[in-house]
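Values quoted throughout were computed directly from the atomic coordinates according to the rules given, and no laboratory measurement underlies them. Worth saying up front: this structure is predicted, and the values here are computed from it rather than measured. We place every Cβ from the backbone using ideal geometry, glycine too, and count neighbours over all the protein chains shown.
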Amino acid sequence: MQRQRLRAFWWAVTVVFLLALVAFRVAQRWTTWQQAEAHRQVVATRYAAMVGTATALVQEATAVASPEFVEVRARTEGKMARKGEVLVHPVPVPGAPPAEAWAQPTPTPTPTPTPAPWQVWWALFFARP
């Protein structure tokens, strides 16, 4: 009788110890997953901003290659005129902001969706570290 109690005690201690190890490992994976998810969101936001900037730059490069843009720029910034034309230089109004016709704002990135809770648990238990 005494021996069975001692044996049951050691089995219980072993089970509690193994459960503690599993709980510790799950907590480690959860923390690692949270850090990776935060880093992924930062990278996704930066990527979306860069894609927006790249798109804007491609559009600007396409516009710059057109002869109409070159002519407008030569007349406005270069202060150039064709033969027979008279160049009129307007005096700027004090306090008025400068007009920038070709500047385009960078579009704001859309947030990425978060995974469902079951996907998080699935990754915790079955993903390799």
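So, R0 is 22 Å and r is the distance between the beta-carbons of residue 126 and residue 25; what FRET efficiency does that work out to, to 0.05?
0.95
With a simple spin-label model that places each label point 7 Å from the Cα along the Cα-to-Cβ direction, the separation between residue 1 and residue 41 comes to 6.0 nm.
Since only 62, 80, 16 are under comparison, the one whose Cα sits farthest along the positive direction of the charge dipole of segment 1-127, derived from C-beta charges on Lys, Arg, Asp and Glu, is 16. Using Cα atoms only, what is the angle between the long axis of helix 2-64 and the major principal axis of the chain, expressed in degrees (0 to 90) to the nearest 10? Tilt of helix 2-64: around 10 degrees.
Remark: spin-label model distance residue 14-residue 61 equals 6.7 nm, labels positioned 7 Å along the Cα→Cβ axis. Taking the square roots of 5 times each eigenvalue of the Cα gyration tensor of segment 1-66, largest first, gives ellipsoid semi-axes of 63, 6, 4 Å. Around the Cα centre of the chain, unit charges on the Cβ atoms of Lys, Arg, Asp and Glu (plus for the first two, minus for the last two) sum to a dipole of about 1180 debye.
Using R0 = 22 Å, the C-beta based FRET efficiency linking residue 32 and residue 112 works out to 0.70.
Between helix 67-76 and the chain, what is the angle of the helix's C-alpha long axis to the longest principal axis, kept within 0 to 90° and rounded to the nearest 10? Orientation of helix 67-76: about 70 degrees from the principal axis.
Its alpha carbons considered, the chain gives a radius of gyration followed by a Dmax of 33.0, 118 Å.
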